[in-house]
Amino acid sequence: MCGIVGYIGNREATPILLEGLKRLEYRGYDSSGISTLVDRSFKMSKQTGRVADLVRLASKDRVSGTLGICHTRWATHGGVTKENSHPHISFDGKISLVHNGVIENYLSIKKFLESTGVEFQSETDTEVFCNLIAYHYAKEDESSPTRFLDSVRRTLKHIEGTYGIAVICADCPNELVGARKGSPLIVGIGEDELLLASDVSAIISRTTNVVYLNDGELVSLKDGKVNLTTWDDQERTPDIQQINWDIEESELGDYPHYMLKEIFEQPEAVTNSMRGRFSDDRSSAKFGGLNISPQELRQIDRILFCACGTAWHACLVGEYLIERYARIPVEVEYASEFRYRNAPLDKNTLVIVLSQSGETIDTLAALSEAKRKGFRTLAINNSVGSTIAREADGGIYQHAGPEVGVASTKAFTSQLTILSMLALYLGRLRDLSYQEGIEYVDALEKLPNLIGETLKINDAVLKVAEKYKDMQDCLFLGRQDMFPIALEGALKLKEISYIHAEGYPAAEMKHGPIALICKECPVIVLATQPDIHGKLVSNIQEVKARGAPIIAVACESTPLPDDLVDDQIIIPDCHRSILPVLASIPMQLLSYHIANLRGCDVDKPRNLAKSVTVE
Ligand code: M6R
């Protein structure tokens, strides 16, 4: 969850590190810090609060030097205090370290180090890590040129848990060391400089040449060279990969928030998700990286989706789409549950994991568990080169562009688009006719324009938001494929406006949540499907009879009577395969405007982080 950047080169490290850190702030933002090496001692600034405050502090503290590390934190062990923020410096002033992950056996190591006289300054597992390196460093042969690296390697043998680390040593002004196990770490190869980071976005302004570390690897960046080894000191030749991100894609531009920018980028994002992915006869979809043949796919008799959060909601939509168009039974699991559940699975099950970041630890663990059991696995994700993308047998990249806002928007609709295409592809391998395929492709090709049309509701949604911004509770109702959209609407509202919200299948409301209905609890009803319109009207009547204000989302050709609803947002008519995408847009805009009107920090909601890389 935390963000890490390290720098070694000829230039002043601080501005480069802090610029990278700003781009990583979405990973966590409780506190932040930087340490550099000058004349064999560390210069350090750290504080609770945002990176913008750290920039001022580091300038005041005159943090300088050409070697340094920095960190933005999402607290796991220990509260949000200056002492607990990273970097940490070892008891003897020799080692400084930043860490992303959780050390599970830190208490026993701490006890041991305390018995040797080490005093701790913080409550963190990271300080234990840092001091254990210093402990081993003191014991290594002083004349060895690899003394520092060896002390890190020795430490890793005693560490249980997950980590991505960047470490510097007071005696080694020419060396920056990194290691990973379960938390991402990449090396950036720039001009006369090398960088370490937990995420490509931190270094993209300096280089597009990167090396991904694998779990169990260490890297020493020294004298312009990248020396990659495993725990047991096996060398690996660095495989340099080119990142094709455009830096402007991750800039805010004229928008006040990334979330709003990303909502408005959706026509382009889904265009990129679909680009080059239709069959020549335009009756089906095609995907380059599945690594599974049409013959093998025809043998699949069940699909299991695993994901977390918004990606899990996308899977629920995928279930409706694939069952409807491909007639393959689908199950959806929370990745965090699947990994420990030992669910019996049929041998012809295809396991598909979804993750925007490709680094969510629970989703990664679910993928590993599925692979360990011998299932074919696919990953749908938005981050080229991410751990999940590299671990899965095959996959589909979303190509939605970088998503910075913590609340996922364009990544979600891009996932829905890809799932819709996958349903088409699997359907065409089975019983979906050529003519149905042609109509389906036609609908998908219209999607970017229809999203553009739907975004015109922005002003109308703002008015609705002004009316309801002070509510304390809110219910979202939908049926069939609109149920996951109701769940997603409720999640969006909760995470950025802190209003209590719940998503429910509209008819299920009678079995409990109806007790919550009162005039202070507005109800948002996704009344978009013509085939069940009558049923939805009945559900709305039930709510209306109990006095709750009703905000309906309806399609152009099936609006609801004005006397039935208090407010109505109209979206364009469309093919059922893309309706979930269009219906998501009012959900996104409503939560954005409500959060903004309430003065919430839309892009960095409290307690959250964009990428959840700890369990
Ligand atoms: O990167 P992932 O798609 O694996 O992330 C999964 C969830 O953490 C994520 O969707 C989260 O729920 C978002 N904050 C939702 O807006």
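For this structure, a couple of remarks:
- Some residue of region 370-377 being open to solvent by 10 Å² or more (accessible area, probe 1.4 Å), in contact (Cβ under 8 Å) with a residue 24 or more places away in the chain, within 11 Å of the ligand (Cβ to nearest atom) and outside any strand (DSSP E or B): no
- Pairs where the first residue, in region 402-417, is closer than 26 Å to residue 286 by Cβ and the second is within 9 Å of the ligand (Cβ to nearest atom) and hydrophobic (A, V, I, L, M, F, W, C), C-beta under 7 Å, 6+ apart: 403/411; 412/314; 415/311; 415/314; 415/354; 416/314
- Residue 548 being more than 30 Å from residue 404 (Cα to Cα), away from the ligand (no atom under 16 Å from the Cβ) and touching a strand residue (DSSP E or B) at 6+ places or on another chain (Cβ under 6 Å): yes
- Only listed residue being within 14 Å of the ligand (Cβ to nearest atom), open to solvent by less than 20 Å² (accessible area, probe 1.4 Å) and of a type in the set (D, E, K, R), chosen from 359, 403: 403
- Residues that are under 20 Å from the mean Cα position of the chain (by Cα) and of a type in the set (A, V, I, L, M) occur at least once in region 248-256.
- Under the condition of being closer than 30 Å to residue 297 by Cβ and either of a type in the set (Phe, Trp, Tyr) or out of contact with any Lys or Arg (no Cβ under 7 Å at 6 or more places or on another chain) (or both), the residues counted in region 430-472 number 16.
- Region 391-400, subset open to solvent by 60 Å² or more (accessible area, probe 1.4 Å) and within 16 Å of the chain's Cα centre (by Cα), residue farthest from the ligand (Cβ to nearest atom): 399
- Selection status of residue 530, open to solvent by 10 Å² or more (accessible area, probe 1.4 Å), in contact (Cβ under 8 Å) with a residue 60 or more places away in the chain and not small (Gly, Ala, Ser): no
- Counting only helices (runs of 4 or more DSSP H) that sit completely within region 241-356, those holding 2 or more residues that are within 23 Å of residue 404 (Cβ to Cβ), in contact (Cβ under 8 Å) with a residue 60 or more places away in the chain and open to solvent by 30 Å² or more (accessible area, probe 1.4 Å) correspond to 258-264, 266-274.
- Residue 64 vs. criteria outside any loop (DSSP other than H, G, I, E, B) and of a type in the set (S, T, N, Q): no
- Count of region 406-418 residues which are within 8 Å of the ligand (Cβ to nearest atom) and either in contact with a Lys or Arg (Cβ under 7 Å, 6 or more places away or on another chain) or charged (D, E, K, R) (or both): 2
- Near pairs, Cβ below 7 angstrom, 6+ apart or cross-chain, from region 595-615 (under 14 Å from residue 29 (Cβ atoms) and within 11 Å of the ligand (Cβ to nearest atom)) to any residue that is open to solvent by 50 Å² or more (accessible area, probe 1.4 Å) and in a loop (DSSP other than H, G, I, E, B): 609/74
- For the criterion of being part of a loop (DSSP other than H, G, I, E, B) and either open to solvent by less than 10 Å² (accessible area, probe 1.4 Å) or free of Cβ contacts under 8 Å to residues at least 12 places away in the same chain (or both), residue 143 passes.
- Taking the criterion of being open to solvent by 10 Å² or more (accessible area, probe 1.4 Å), outside any loop (DSSP other than H, G, I, E, B) and more than 12 Å from residue 590 (Cα to Cα), the residues of region 465-484 that qualify are 473, 483.
Yes/no per residue for (1) under 21 Å from residue 555 (Cβ atoms); (2) among the hydroxyl-bearing types (Ser, Thr, Tyr):
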position	(1), (2)
440	yes, yes
449	yes, no
464	yes, no
471	no, no
482	yes, no
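- Qualifying residue in region 559-580 (condition: modelled with pLDDT of 95 or more and within 16 Å of the ligand (Cβ to nearest atom)): yes
- Of the numbered criteria (1) within 16 Å of the ligand (Cβ to nearest atom); (2) of a type in the set (A, V, I, L, M, F, W, C); (3) under 26 Å from residue 377 (Cα atoms), the one residue 260 fails is (3).
- You will find that of 41, 45, 90, the residue that is in contact (Cβ under 8 Å) with a residue 24 or more places away in the chain and crowded, with 21+ Cβ neighbours inside 10 Å is 90 and no other.
- Residue within region 89-107 that is in a loop (DSSP other than H, G, I, E, B) and touching a Ser or Thr at 6+ places or on another chain (Cβ under 6 Å) present: yes
Residues are listed down the side, and each one gets a yes or a no for (1) more than 30 Å from residue 182 (Cβ to Cβ); (2) in contact with a helix residue (DSSP H, G or I) (Cβ under 9 Å, 6 or more places away or on another chain); (3) open to solvent by less than 10 Å² (accessible area, probe 1.4 Å); (4) touching a residue at least 60 places away in the same chain (Cβ under 8 Å):
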position: 511; (1), (2), (3), (4): yes, no, no, no
position: 537; (1), (2), (3), (4): yes, no, no, no
position: 540; (1), (2), (3), (4): yes, yes, yes, no
position: 553; (1), (2), (3), (4): yes, yes, yes, no
position: 561; (1), (2), (3), (4): yes, yes, no, no
position: 577; (1), (2), (3), (4): yes, yes, yes, yes
position: 580; (1), (2), (3), (4): yes, yes, yes, yes
position: 591; (1), (2), (3), (4): yes, yes, yes, yes
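- Of all residues in region 194-221 being part of a strand (DSSP E or B) and free of Cβ contacts under 8 Å to residues at least 60 places away in the same chain, the one that is surrounded by the most Cβ atoms within 10 Å (Cβ to Cβ): 219
- Apart from one condition, residue 421 fits all of (1) farther than 15 Å from residue 322 by Cβ; (2) more than 16 Å from the ligand (Cβ to nearest atom); the exception is (1).
- Annotation: of all residues in region 108-140 being in a loop (DSSP other than H, G, I, E, B) and under 13 Å from residue 77 (Cβ atoms), the one that is most open to solvent (accessible area, probe 1.4 Å) is 123.
- Qualifying residue in region 329-348 (condition: of a type in the set (D, E, K, R), within 16 Å of the ligand (Cβ to nearest atom) and either modelled with pLDDT of 95 or more or in contact with a helix residue (DSSP H, G or I) (Cβ under 7 Å, 6 or more places away or on another chain) (or both)): yes
- Restricting region 378-390 to residues that are away from the ligand (no atom under 13 Å from the Cβ) and not β-branched (Val, Ile, Thr), the residue that is farthest from the chain's Cα centre (by Cα): 378
The values are calculated or read from the model by the stated rules, or taken from the named source; none is laboratory data. What you see is a predicted model; the values in this text were computed from it and never measured. We place every Cβ from the backbone using ideal geometry, glycine too, and count neighbours over all the protein chains shown. Areas reflect the complete protein model, heavy atoms only, side chains present, ligands, DNA and RNA absent. Shrake-Rupley method; radii C 1.70, N 1.55, O 1.52, S 1.80 Å.
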